[in-house]
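The values are calculated or read from the model by the stated rules, or taken from the named source; none is laboratory data. Since this is a predicted model, take the numbers as computed values, not measurements. Backbone-built Cβ (ideal geometry, glycine too); neighbour counts: all protein chains shown. Surface areas here come from the heavy atoms of the whole protein model, side chains and all, with no ligands, DNA or RNA. Shrake-Rupley method; radii C 1.70, N 1.55, O 1.52, S 1.80 Å.
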Amino acid sequence: MRKEIEELIKYRINRSKETLKDAKILFKAKRLFSTVNRIYYAMFYIVNALLLTEGLSSSKHSGVLSIFNREFIKKGLFDKELGKFYTKMFEFRQKADYKDMVKFKEEDIGDWLKNAEKFISEVEKTIKKIKRFKAKRRNE
């Protein structure tokens with residue numbers, strides 16, 4: 001893996017974690033729409049990092065979601081529930097940002113925060129495994 005790609009992956013992982021921290025701060029301040037936005041983006045950044053490990057990317061959010069589902073969920077690298085959760089957060093973020101008269105329950109968003117934390121952790125573990133595997137293969 002080229003050094004520039006390695007750096008970009010690292011950057012996106014860090015951005016994901018920072019954005020999740022922002023979501024927690026916003027949640028404590030009861031800024032629910034902003035929390036939903038930040039949860040989604042935390043997941044989006046880590047998925048982008050994952051895609052880079054395989055030389056994949058998309059300029060559209062829907063493209064990132066589609067590639068993630070096709071290359072990682074359907075191939076069994078992650079539990080289908082992770083794919084469903086990412087899709088759900090994609091939809092909720094769009095509602096939070098673009099729809100009028102939308103309401104979210106605080107308890108639901110609290111659950112989404114916890115699930116996003118698990119999601120990010122699982123994806124980061126997989127990124128590390130892929131990087132180790134590719135480095136080992138390169139050294140053989």
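Legend: helices of the chain (whole DSSP H runs) are marked when their alpha-carbon atoms reach 30 angstrom or more along the helix axis and their mean Kyte-Doolittle hydropathy is at least -0.5; marked are 32-53. From the Cα gyration tensor of region 36-116, with a ≥ b ≥ c the square roots of its eigenvalues, which class applies: rounded if a/c is under 1.5, or else prolate if a/b is larger than b/c, or else oblate? Judged from the Cα gyration tensor, region 36-116 comes out prolate (a/c at least 1.5, a/b above b/c).
The residues of region 10-80 expose, per residue, 53 Å² of accessible area to a 1.4 Å probe.
Once R0 is set to 35 Å, what does the formula 1/(1 + (r/R0)^6) return for the Cβ-Cβ distance between HIS61 and ASN139, expressed as a FRET efficiency to the nearest 0.05?
Values: r = 36 Å, r/R0 = 1.03.
E(calc), rounded to 0.05, equals 0.45.
I'd like the projected area of the chain, averaged over all directions, using the convex hull of its alpha carbons. Report it in nm² with one decimal.
On the way: hull surface 33.6 nm².
Orientation-averaged projected area of the Cα hull: 8.4 nm².
For GLU54 and LYS99, what is the calculated FRET efficiency with R₀ set at 30 Å and r taken between the beta-carbons, to the nearest 0.05? Don't skip to the end; give the middle numbers.
On the way: r = 33 Å, r/R0 = 1.11.
Between GLU54 and LYS99 the formula returns 0.35.
You can think of it this way: the chain between GLU71 and ARG31 has 11.0 nm of extra reach, that is 0.36 nm per residue less the Cα-Cα gap. Our helix-only sum for the chain, with -39,500 (n - 2.57) per DSSP H run of n ≥ 4 divided by its residues, gives a mean residue ellipticity at 222 nm of -27000 deg cm²/dmol. Surface composition of the chain: carbon plus sulfur atoms contribute 50% of the solvent-accessible area (1.4 Å probe, protein chains only, all chains present). For LYS103, a cut-off of 16 angstrom between C-alpha atoms picks up these aspartates and glutamates, skipping any fewer than 8 places away in its own chain: GLU91, ASP111.
Can you figure out the FRET efficiency of GLU106 with ASP79, using R₀ = 25 Å and their beta-carbon distance, to the nearest 0.05? Each step should come with its number before you reach the end.
Details: r = 26 Å, r/R0 = 1.06.
Plugging the Cβ-Cβ distance into 1/(1 + (r/R0)^6) gives 0.40.
Of LYS10/LYS75; LYS74/LYS95; LYS3/LYS128, which pairs sit farther than 18 Å apart, going by alpha carbon to alpha carbon?
From LYS10/LYS75; LYS74/LYS95; LYS3/LYS128, over 18 Å: LYS10/LYS75; LYS74/LYS95.
Of all aspartates and glutamates in the structure, the ones whose alpha carbon falls short of 18 Å from that of LYS131, not counting any fewer than 8 places away in one chain, are GLU4, GLU6, GLU7, GLU54, GLU71, GLU122, GLU140.
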